[in-house]
Amino acid sequence: MCKKYNQEQHRVEKEQQEYQQQPPQQERLDPSVTLLSPLLLGRDSGGLLHRLPSVSGDPDAVLRTSVVGGGACLISQLVLYLMFRRSRDPIRRKNAGYTAHSVVALVLMATVSAIGVVGYHGHTSSLPSSLLPSAATTAIGRILVPSGQARWLASTIVGALALWDIPTSLRVVGLRKPDVIAHHLAMLVVAWWGATILPTGYLFYYFGVSEVSSVPLVLYDQLSLDAEALAARGEDEEEKAGTSSLAEKETGRKRTGGQTGKGVGRLQRMERRRDGFQILAALSFTVVRAFGFTKVTLVNFVPDCLCAIRTLKTVGGRGGEGMTAGVSLLLLRSILLSSLAFTLLQLYWFAAIVKVVVLGDSDDKENGKKEGKLQ
């Protein structure tokens with residue numbers, strides 16, 4: 001028995017020695033990764049990843065970042081609102097608050113999307129391990145190793161939601177949708193966790209990359225509102241003028257929305273742009289949210305989070321050196337459930353968009369447009 005065991009042990013040791021003597025195999029790199037890696041990751045070559053804004057874990061620094069980000073959005077909202085209220089364009093005057101919110105959201109979404117794309121590619125396994133930061137080489141590292149850049153992103157989202165987006169949504173009638181406001185409140189809680197307790201690299205996707213789809217959706221939403229307001233204004237002017245019979249008004253309403261002359265041309269151009277952005281918004285939402293968000297959650301985040309939970313159980317609730325302190329199993333489980341809930345919400349919105357774009361179900365048009373600014 002002992003002889004057989006010694007023979008087996010000798011065979012294993014021999015195989016290990018042969019493996020160690022083999023020359024290291026060079027990792028095969030995708031050509032696109034080879035070209036982009038110096039841009040995204042290379043510190044010596046001025047990589048963008050290391051130039052992203054960052055904030056320390058100090059509570060005062062996090063709060064200051066949130067106030068600056070949210071305050072900038074709020075001040076921009078007020079300034080733009082006053083500008084649009086003084087505009088010569090009656091459509092801009094009528095929807096001043098809504099349009100100001102769209103402009104601020106567009107700039108914010110474009111900014112966090114760019115940061116998210118750069119940050120996420122530097123903190124996930126989508127790049128070769130030789131090019132990744134050490135935090136992204138293990139499952140528990142992707143969850144528990146803090147990222148100052150991800151903390152800055154989450155802190156900015158906290159400020160934008162708390163000081164600008166939620167108050168503005170409560171104030172502007174067109175933005176006052178209970179389910180969207182409830183969703184933003186849930187996002188505020190998750191963003192606060194990310195800014196103060198768990199600044200994981202996955203925040204780059206959830207608060208950054210996912211907002212790529214919001215940019216065309218913001219434009220589509222704004223153009224839809226402007227087209228409706230322009231058509232309604234043309235009908236009101238026609239009724240006040242009293243120059244058309246009831247039958248003529250019904251015909252004109254169907255054909256041009258009550259517009260004549262320059263109004264017809266402007267409405268038609270606006271509707272063409274709206275229809276174009278509707279297609280672009282639907283495609284981007286399908287790729288980024290319906291497929292991308294679901295894939296990142298189910299294939300990447302959930303397995304990594306479960307691994308982190310198992311590891312914390314094994315070591316008695318303490319992570320390794322350099323990992324975030326104070327992360328409880330309850331918090332990890334809560335974030336895990338939140339990611340699944342948000343994924344289901346993305347799929348629900350995707351189903352609503354399909355009904356609007358493919359089936360032409362006008363009853364769900366509002367539901368199809370709800371996923372937009374800071375969703």
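The values are calculated or read from the model by the stated rules, or taken from the named source; none is laboratory data. Remember, it's a predicted structure, so these values are computed and weren't measured experimentally. We place every Cβ from the backbone using ideal geometry, glycine too, and count neighbours over all the protein chains shown. Areas reflect the complete protein model, heavy atoms only, side chains present, ligands, DNA and RNA absent. Shrake-Rupley method; radii C 1.70, N 1.55, O 1.52, S 1.80 Å.
Every listed requirement among (1) modelled with pLDDT under 85; (2) outside any loop (DSSP other than H, G, I, E, B); (3) acidic (D, E) is met by D304 save one, (1). The sole residue among F350, F285, F291, F342 that is at pLDDT 85 or above and open to solvent by less than 10 Å² (accessible area, probe 1.4 Å) is F285.
Residues that are open to solvent by 10 Å² or more (accessible area, probe 1.4 Å) and not β-branched (V, I, T) were ranked within region 114-125; the one that is farthest from F301 (Cα to Cα) is A114.
Would you check which residues across region 83-106 are assigned to a helix (DSSP H, G or I), closer than 20 Å to R266 by Cβ and among the basic types (K, R) and list them?
R92, R93, K94
Any residue at all in region 163-177 that's open to solvent by less than 10 Å² (accessible area, probe 1.4 Å), assigned to a helix (DSSP H, G or I), among the hydroxyl-bearing types (S, T, Y) and touching an Asp or Glu at 6+ places or on another chain (Cβ under 9 Å)? There is no residue in region 163-177 that is open to solvent by less than 10 Å² (accessible area, probe 1.4 Å), assigned to a helix (DSSP H, G or I), among the hydroxyl-bearing types (S, T, Y) and touching an Asp or Glu at 6+ places or on another chain (Cβ under 9 Å).
In region 197-220, which residues are assigned to a helix (DSSP H, G or I) and open to solvent by 20 Å² or more (accessible area, probe 1.4 Å)? Within region 197-220, Y206, V209, V212, V215, L219 meet the criteria. Checking every residue in region 131-143 against the condition of being at pLDDT 90 or above, among the aliphatic types (A, V, I, L, M) and closer than 15 Å to W193 by Cα gives zero matches. Does R88 satisfy the condition of being open to solvent by 70 Å² or more (accessible area, probe 1.4 Å), over 20 Å from W164 (Cα atoms) and in contact with a Ser or Thr (Cβ under 8 Å, 6 or more places away or on another chain)? So R88 does not fit the description; no.
Does region 44-63 include one or more residues that are within 24 Å of S210 (Cα to Cα), open to solvent by less than 20 Å² (accessible area, probe 1.4 Å), small (G, A, S) and at pLDDT below 95? Yes, because at least one residue in region 44-63 is within 24 Å of S210 (Cα to Cα), open to solvent by less than 20 Å² (accessible area, probe 1.4 Å), small (G, A, S) and at pLDDT below 95.
In this structure, G258 does satisfy being surrounded by 14 or more Cβ atoms within 10 Å (Cβ to Cβ), at pLDDT below 80 and not in a helix (DSSP H, G or I).
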